[in-house]
Number of protein chains: 2
Amino acid sequence: MIGKLNHVAIVVADLEAGTAIYRDTLGAKVSAPLELPEHGVVTVFVELPNTKIELLYPLGENSPIAKYLEKNPGGGVHHVCYEVDDIEAAAAKMQAAGARVLGDIKIGAHNKPVLFLHPKDFCGTLVELEQA
Amino acid sequence: MIGKLNHVAIVVADLEAGTAIYRDTLGAKVSAPLELPEHGVVTVFVELPNTKIELLYPLGENSPIAKYLEKNPGGGVHHVCYEVDDIEAAAAKMQAAGARVLGDIKIGAHNKPVLFLHPKDFCGTLVELEQA
């Protein structure tokens, strides 16, 4: 069912410093910061030849990643995102397998339908599925 | 400098269960378990169209991932691996940038030269560089 790894999301404690690490130290191509108020994050895309790294920094109150940063003050990998063809079918398959879907299908940061899966059901990893 | 994302390594608490999650629940193509005694791990490759997920489980005493599993009993993302053209040049560039290379350049699990970078210098993420 899952297709490509769409991105790996990394929460950073300092967006400018994190961007500099990927751009200057690791020599990757990075985007300008993009504010996504409806998702409570600022993101910088690190473009690799086969996939993306997304650096995430909290934006506004109630950012969904604020708690992560409290627990992990240095940042770290927040989730991995796999592509699927049909998000409704994916949700049904997950539920049939007894895996917990967190909340409802929503429109994600790329303006595509997404859902999140409980880390305890996926090897300790928060998994996002995105309809490609 | 960095090229493709070669793999995301996920430490699992139960290799059979973790393999079943990726194969059956997520519907991905997975390899048979591969024992790598010299690296202290058993690995299962999850083949995605653009990259790989590597499920890691401790093998033998002194496995380098045993401590990770003690701290994270449910497992989780252990490291991300980026490809580079020249590992010696990459090591020199990291040191010039003041980033900590952990130990020496070694031959990694894919029989290619690799090095690891300190998570505190890379947004809280353990980074492996592999000469492609």
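The values are calculated or read from the model by the stated rules, or taken from the named source; none is laboratory data. Quick caveat: nothing in here was measured; it's all calculated off a predicted structure. Cβ sites come from the backbone with ideal geometry, for glycine too, and all protein chains shown count toward neighbours.
If you go through the stretch A:25-63 and keep only what is of a type in the set (V, I, T), outside any strand (DSSP E or B) and over 21 Å from B:A99 (Cα atoms), you end up with just A:T51. Is it the case, given these coordinates, that B:K52 is surrounded by 14 or more Cβ atoms within 10 Å (Cβ to Cβ), among the charged types (D, E, K, R) and within 7 Å of chain A (Cβ to nearest Cβ)? In short, no.
Kindly indicate whether any position in the stretch A:108-125 is of a type in the set (A, V, I, L, M) and under 27 Å from B:H118 (Cβ atoms). Let's see the steps before the verdict.
First, pick out the residues of the stretch A:108-125 that are of a type in the set (A, V, I, L, M): A:109, A:114-115, A:117.
Now drop any that are not under 27 Å from B:H118 (Cβ atoms), which leaves none.
Within the stretch A:108-125, none of the residues are of a type in the set (A, V, I, L, M) and under 27 Å from B:H118 (Cβ atoms).
Per the listing B:G75, B:G103, B:G18, B:G98, the residue uniquely in contact (Cβ under 8 Å) with a residue 60 or more places away in the chain and either under 24 Å from A:Y22 (Cβ atoms) or crowded, with 20+ Cβ neighbours inside 10 Å (or both) is B:G75. Of all positions in the stretch B:6-27, none carries a residue that is in contact with a Lys or Arg (Cβ under 6 Å, 6 or more places away or on another chain), over 23 Å from B:T125 (Cα atoms) and more than 10 Å from chain A (Cβ to nearest Cβ). Looking only at residues of the stretch B:77-118 that are among the small types (G, A, S) and in contact with a helix residue (DSSP H, G or I) (Cβ under 7 Å, 6 or more places away or on another chain), we find that the one that is nearest to B:F45 (Cα to Cα) is B:A109. Can you name the residue in the stretch B:106-132 that is within 12 Å of B:I87 (Cα to Cα), at pLDDT 95 or above and in contact with a Lys or Arg (Cβ under 9 Å, 6 or more places away or on another chain) and, of all such residues, is farthest from the other protein chains (Cβ to nearest Cβ)? The extreme case among them is B:P113.
Quick one: would you say B:G74 is part of a loop (DSSP other than H, G, I, E, B), under 30 Å from A:R100 (Cβ atoms) and in contact with a helix residue (DSSP H, G or I) (Cβ under 8 Å, 6 or more places away or on another chain)?
Criteria met by B:G74.
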